[in-house]
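Rule-based calculations on the coordinates, nothing more; no lab input. Since the model is a prediction, treat every value here as computed from it, not as a measurement. Neighbour counts are summed over all protein chains in view; Cβ atoms, including those assigned to glycine, are modelled from backbone coordinates with ideal geometry.
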Amino acid sequence: MVFNGAGTTKFADITSRLNALQGSLNQFAIVLDGRVISAPATKAVITDGKPQISGGFTQESAKTLADQLKYGALPIGFEVQSSDSISATLGSTQLQSGLLAGLIGLILVVVYSLIQYRTLGLVTVFSLAVAAVITYFLVTLLSWREGYRLSLAGVAGLIVAIGITADSFIVYFERIRDELRDGRGLESAVENGWRRAIRTIIASDAVNFLAAGVLFVLAVGNVRGFALTLGLTTIVDLFVVSLFTHPVLRLLSRNGFFASGHRLSGLDPVALGAVYRGRAQFAAPSAARVSAGKAAKSAKEAARRQTIAERKAGSSDTNVAVKGDD
Amino acid sequence: MASLTSLGNDLYTGARSVNFVGRRKIWYLVSTLLVLVSILGPIARGGFNFGIEFTGGSEFVVSGVPGGDQAIATNAVTSVVPDVAAKVSTLGTESIRVQTSQLTDVQTREIRQQLASDYNVTPEQVTASFIGATWGQDITSQAIRGLIVFLILAAIVMALYFRTWKMSLVAIVALIHDVIITAGIYGITGFEVTPGAVIGLLTILGYSLYDTVVVFDKIRENTLGNGADQSKTFGQQVNLAINQTLVRSINTSVVAALPVASILFIGAFVLGAGTLRDISLALLIGIAVGTYSTLFLAAPMYAQLRQREPAISKHDKKVLAEQSRVHQDTVSS
């Protein structure tokens, strides 16, 4: 910074006067748009018109100050919209209770999926854990590199993410069960179920990601933090379900416990309504619950449509049975 | 709960089913009533109860007063500024929050000192803050702008993916239905509308649409090409699809609602008023309404829209004739 002739004389006058004063009285105030952007103390009388500002600047704050001095007036005016001071205890109570609530919620989710899907529920639990670790890592990375701060709105995004992430597993498991009901073996049920599930998962996650993307671009502040966590967890969800859950299920489908359809595996074909017919063969699922009247009617109908040979065979069967009873 | 598995089997084969499509008039009536109540209820109550972030004002928080009497705060405020109404609520277990309309700096300082001396705490334990009226409105107007862009884009994406604009249309109708009802519950119960609630509402939009896409994808599978069961009418195909994903819908909404409910519970009973409670209430209502609207509103509406298409109505007539012939056969025998 170099002053011109008139400036040099004036600056020399001011600095000689300020330098004689003590404490904050010898400080300059560099004012821009009514705000003090810097208040350096005078260290010496400067007569050559080449002042310097020195102090505990970081590279960033020094650059900001230099820019402000160079370009002068700021293009926008500021208006204080809100000012807030929250005591540390209040913030930490909120956070602790929020975390506690999240933990209780997660435990409930674990219990529910274990009841619903038995051992298979463990896959949900581990997949959620993997998703949680990746999300934690990403949030930490963002707050370290980009200065992102997790707000309560961001926490809300994370809470909803539990549901949406778990939904991917639920959609996948239900598709596998549907395939088992159709009488497929476990390995092919996993492959077929996956092919159908991943379409649904990608389509629904795309809509979710779109919501997050639009909100992130168009909104600021709180809403933006929320959109960021929502978008982040959507991507994490896709990664986890295709790179962790699916490979794990593939491995499990070759494991005896699951492949044999153990009662506790959550993939028991008998419980799923597929009728066991022989070695790895299942009948197509039938409408098991037919009303008694309907059954009687169809039995009559079947009897009416029998061929003569069938009727003969049927009556001789009855005879045999009668004889047996004697 | 394990019986859900056998219920799932029956729903899959069609042995048991909920008649979502056939009884649509009942569901439409229920939804219409809910929407009407959600619109008229808040009007009858005199509008929404907007939080300080929307109206602007001053807020004081006294910390370190376990079980503090709220009346002390009200008296402290009126002793300094007689004509100001103070909204007092408990935060957590040992803090008290006082919200008033906007005060001058002098009044703020006096109230702060009054609160400190009345509660026997140091002035440092009383925080005072000022919130401008534009803050909440800024967030909301941005949210609404984002929302409109999102709805248009989402409608286009869904129309392209499902290859029919009709799915987009009913999904958006169901979404608007969810938002009106969620907002309506805020209006009727008099819960404060804070930026937290607005964010919760936005989340609901995402969740509601997400849920609709998952169910619609199954409908697409059951009604398109090889997956379609030609012996069923279009409405029956759609109905079977909804029933086949019903176990998924139940499981997903329970799993999504459990964490939210526990946060609402902790938020409402342990923390008192606060962002967590505001967000989680909107979320809980929205998850319930979002799941309901997909099953009972969006899917039947979609079936109804498509039934009018010439190709589908021709197929339906053929199938119905066949089904009534089979039915008569069994009855006559």
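Worth pointing out:
- Subtracting the Cα-Cα distance of B:Thr78 and B:Ala159 from 0.36 nm times their residue separation leaves 23.3 nm of extension gain.
- Relative to the longest principal axis of the Cα atoms of chain B, the long axis of helix B:165-189 makes an angle of roughly 30 degrees.
- Once the C-beta distance of A:Asn19 and B:Ser129 is scaled by a Förster radius of 41 Å, the resulting FRET efficiency is 0.50 to the nearest 0.05.
- Gyration tensor (alpha-carbon) shape descriptor, the range B:133-208, a/c threshold 1.5: oblate
- The range B:277-315 and the range B:120-184: distance between their alpha carbon centers, rounded to Å: 19 Å
- C-alpha long axis of helix B:195-223 to longest principal axis of chain B, angle in °: 10 degrees
- For the range B:165-324: rounded, prolate or oblate by the Cα gyration tensor [a/c cutoff 1.5]: prolate
- When A:Phe209, A:Phe126 are arranged by Cβ crowding within 10 Å, least crowded first, meaning fewest neighbours, the order is A:Phe126, A:Phe209.
- Dipole magnitude of the range B:1-116 about its Cα centre (Cβ charges: Lys, Arg +1; Asp, Glu -1), debye to nearest 20: 760 debye
- Among B:Ala261, B:Thr127, B:Phe20 the positive-end extreme of the charge dipole of chain B (Cβ point charges): B:Phe20
- The label-point distance for B:Gln230 and A:Thr9, in a model that sets each label 7 Å from Cα toward Cβ, rounds to 10.4 nm.
- Cα gyration tensor, chain B - rounded (a/c under 1.5), prolate or oblate: prolate
- Helix-derived mean residue ellipticity, 222 nm - over chain B, DSSP H n ≥ 4, -39500 (n - 2.57), to 500: -23000 deg cm²/dmol
- Magnitude of the charge dipole for chain B, about its Cα centre and with charges confined to Cβ atoms of Lys, Arg (+1) and Asp, Glu (-1), is about 1740 debye.
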